[in-house]
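Written out below as structure tokens is the structure these notes cover.
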Amino acid sequence: MILKVRNSLISLSLVTTIALFNGCAKEQLILKTYSPPKKQAEVKKMIESSDSSVGYINLQIVDDVSYICEVVGKNKDSKDMAHGLISNVKKFINQTNFISLNQVEDSASVALDMQIISLKFTETKNSRELHAKVNFVIRKNGVEFYSEPYTYNSLRKSRSGLQGIASKSEMFNDASEFLAKKMIKDISPIKTSKLVELKDLPDELEYTLKYAENKNFKGAIEGMQKYKGEKDLAYYFDLAVYYEGYGSQVDNMAMFTKAKENYDKAMAMGGSEDETIVKGKMKFEAFYDIIKKVAKQQAANLKQTNNSEYQLLD
């Protein structure tokens, strides 16, 4: 009997502890967003010299195969690598919303050129090995903003012979893809995830938290916009998070401008004394500082159209 009573007390204590923990828990959201590019200082210089309302850099690719192969000599291997680099750089630029591809040759444009510094391919009866080193340079009017060598090394082996490993052409394609992707990732913001602690909202707005948890950021924003009650720092902070999440979800930089405005409002209402708000704003601005020029331009353009996203900018 005593044992039973003790077990009951332990169970009751455990339930009470869990209930208290749940009661104190804050709403947390895993937010899909962006991190700034690795080469922030270089990217800022490019932005200042580039005029584009599509991406923050309007980049012209110098696709002169002879120049790309100049250091190592023009042969079939180097030409294949050169064509692969040109193709893959263009492919990865088209996959990011932060760099636009300039299709018109213009000596005053920000230009990307590349040169193969070294290229070596060896083959035995059961292995293939490829080494490649390519230098990428971004410049305008002779002024360099970015110059970085990237290296690729790959050794493929198989006991069953060459038929069991990647072909020579596949290895060259892998190399050009790897090098192009690595360079673009260094100068473009990268998709990432972060854990955000949301602020408590009035009961009437609790449903917007559920919307956000289910990735319905547009619905969450519209719900916040309809609210007629008092709007405090918690309101503006959570709204900023919703705009950041929505902007990343639909790849619309104009929404990041609205996120910035609401983060600023939360700070102005006393958020500078709130660790959650300060950290949230700082993480966002590390990325926004890179894209703010184009984000503001796109927000202005959006307001001049009949696009349904316009309503979210009011």
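The values are calculated or read from the model by the stated rules, or taken from the named source; none is laboratory data. Being a predicted model, the structure only gives us computed values, none of them experimental. Don't worry about glycine lacking a Cβ; one is built from the backbone with ideal geometry, like all the others, and counts go over all protein chains shown.
Brief remarks follow.
- Test: residue 278 is in a helix (DSSP H, G or I), closer than 28 Å to residue 45 by Cα, over 20 Å from the mean Cα position of the chain (by Cα) and among the hydrophobic types (A, V, I, L, M, F, W, C): yes
- Answer residue from the range 170-225, given it is acidic (Asp, Glu) and not in a helix (DSSP H, G or I) and is surrounded by the most Cβ atoms within 10 Å (Cβ to Cβ) among those: 197
- Meets criteria (over 24 Å from residue 266 (Cα atoms) and modelled with pLDDT of 95 or more) for residue 170: yes
- Criterion: in contact (Cβ under 8 Å) with a residue 60 or more places away in the chain and more than 18 Å from residue 33 (Cβ to Cβ) - qualifying residue of 303, 265, 293, 283: 293
- Residues (within 20 Å of residue 69 (Cα to Cα) and surrounded by fewer than 18 Cβ atoms within 10 Å (Cβ to Cβ)) located in the range 151-169: 151, 153, 168, 169
- Residues of the range 135-158 classified as out of contact with any Pro (no Cβ under 6 Å at 6 or more places or on another chain) and within 24 Å of residue 120 (Cβ to Cβ), total: 14
- Considering the range 124-148, the residues that are surrounded by fewer than 14 Cβ atoms within 10 Å (Cβ to Cβ) and on the phi < 0 side of the Ramachandran plot include one that is farthest from the chain's Cα centre (by Cα), namely 125.
- With respect to the conditions (1) of a type outside the set (Asp, Glu); (2) more than 22 Å from the chain's Cα centre (by Cα); (3) surrounded by 20 or more Cβ atoms within 10 Å (Cβ to Cβ), residue 98 falls short on a single one, namely (2).
- Residues that are exposed (fewer than 12 other Cβ atoms within 10 Å of the Cβ) and at pLDDT below 95, drawn from the range 101-123: 103, 104, 105, 106, 107, 108
- Of all residues in the range 50-84 being in contact with an Asp or Glu (Cβ under 9 Å, 6 or more places away or on another chain) and within 30 Å of residue 289 (Cβ to Cβ), the one that is modelled with the lowest pLDDT: 58
So that you can scan it fast, the table gives a plain yes or no per residue for (1) over 25 Å from residue 187 (Cβ atoms); (2) outside the structural domain of residue 223 (by TED's automatic domain parsing); (3) not acidic (Asp, Glu):
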position	(1), (2), (3)
250	no, no, yes
269	yes, no, yes
285	no, no, no
288	no, no, yes
308	yes, no, yes
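- Odd one out for residue 237, checked against (1) under 21 Å from the mean Cα position of the chain (by Cα); (2) within 19 Å of residue 277 (Cα to Cα): (1)
- For residue 156, the conditions (1) within 24 Å of residue 257 (Cα to Cα); (2) in a strand (DSSP E or B); (3) of a type in the set (D, E, K, R) all hold with the exception of (1).
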